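Inspection log for the structure reproduced underneath, given as C-alpha cells.
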Amino acid sequence: MPIVQITTSLTKEQIPKDFAKKFSAFLAETLDKPIEKITLVITCDALVCNAGDESPFMLISIISIARFNEKDNPGYTDKITTFVKEETKLPGNKVQIVYTDLQPHMAGKGK
C-alpha cells in the first residue's frame, strides 16, 4: 500500500518518460512508505471536465493505510502539486488530489 491512481487528460506523450518511477519514489519519501509497497496506475488521454472546462487536468487518488489526516493532508497537497507542476507543466489549479485512509483489513495482496 499505497495505491495511487492518476487519471489525466494529458496524452502519454505529454507525460515525461520517467514520471512513474520518479513519482513513485517521491511519494515513498513524502508519505514515509517503502517504495516496494507503492502501486501507481496512470490513465492518460481521459476525457476530463473540471469546473465546466476540458483543459488539461490531472486527478490523483491515493489510498493508504494509517497515513492521511486533517493535519498532514495540506502539506502532502502542497508537495504533490509542486512535483506535478514541475514535471508536467500543468498549473496547480489543474491538479486535484483525493486522499482515502484505509483500515488494514480492507486491503489484500496475493502471495
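The values are calculated or read from the model by the stated rules, or taken from the named source; none is laboratory data. None of these values were measured; they are calculated from a predicted model. No Cβ is skipped: glycine too gets one built from the backbone with ideal geometry, and neighbour counts run over all protein chains shown.
Taking residue 96 and the conditions (1) in a strand (DSSP E or B); (2) in contact with a helix residue (DSSP H, G or I) (Cβ under 9 Å, 6 or more places away or on another chain); (3) among the polar types (S, T, N, Q), which numbered condition does it fall short on, given that it satisfies the others?
With respect to (1) in a strand (DSSP E or B); (2) in contact with a helix residue (DSSP H, G or I) (Cβ under 9 Å, 6 or more places away or on another chain); (3) among the polar types (S, T, N, Q), residue 96 is out only on (2).
Between a residue in region 86-102 that is in contact (Cβ under 8 Å) with a residue 40 or more places away in the chain and over 12 Å from residue 58 (Cβ atoms) and any residue that is of a type in the set (Gly, Ala, Ser) and surrounded by 18 or more Cβ atoms within 10 Å (Cβ to Cβ), which pairs come within a Cβ distance under 7 Å, given they are 6 or more apart or on different chains?
102/64
Would you check if residue 29 is out of contact with any helix residue (DSSP H, G or I) (no Cβ under 6 Å at 6 or more places or on another chain), part of a helix (DSSP H, G or I) and within 17 Å of residue 10 (Cβ to Cβ)?
No: the conditions fail for residue 29.
Of all residues in region 64-75 being in contact with a helix residue (DSSP H, G or I) (Cβ under 8 Å, 6 or more places away or on another chain) and assigned to a loop (DSSP other than H, G, I, E, B), which is modelled with the highest pLDDT?
68
Just name the residue that is nearest to the chain's Cα centre (by Cα) out of those in region 93-111 that are of a type outside the set (S, T, N, Q) and at pLDDT 95 or above.
Per the stated criteria, the residue is 97.
Let's see how each residue does on (1) farther than 30 Å from residue 110 by Cβ; (2) touching a Phe, Trp or Tyr at 6+ places or on another chain (Cβ under 9 Å); (3) polar (S, T, N, Q):
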position: 3; (1), (2), (3): no, no, no
position: 19; (1), (2), (3): no, no, no
position: 33; (1), (2), (3): no, no, no
position: 48; (1), (2), (3): yes, yes, no
position: 82; (1), (2), (3): yes, no, yes
position: 90; (1), (2), (3): yes, yes, no
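Out of everything in region 38-63 that is assigned to a loop (DSSP other than H, G, I, E, B) and free of Cβ contacts under 8 Å to residues at least 24 places away in the same chain, what residue ends up being surrounded by the most Cβ atoms within 10 Å (Cβ to Cβ)?
49
Report every pair of residues separated by at least 6 positions or lying on different chains whose Cβ atoms are under 9 Å apart, first residue within region 18-35 and in contact (Cβ under 8 Å) with a residue 40 or more places away in the chain and buried (at least 16 other Cβ atoms within 10 Å of the Cβ), second among the small types (Gly, Ala, Ser) and outside any helix (DSSP H, G or I).
The qualifying pairs are 31/64.
Take the residues of region 76-85 that are in contact with a helix residue (DSSP H, G or I) (Cβ under 6 Å, 6 or more places away or on another chain) and either free of Cβ contacts under 8 Å to residues at least 40 places away in the same chain or not in a helix (DSSP H, G or I) (or both): which is farthest from residue 30 (Cα to Cα)?
That would be 85.
Need the failing condition index for residue 13 against (1) loosely packed, with under 13 Cβ neighbours inside 10 Å; (2) part of a strand (DSSP E or B), just the number.
Of (1) loosely packed, with under 13 Cβ neighbours inside 10 Å; (2) part of a strand (DSSP E or B), only one is false for residue 13: (2).
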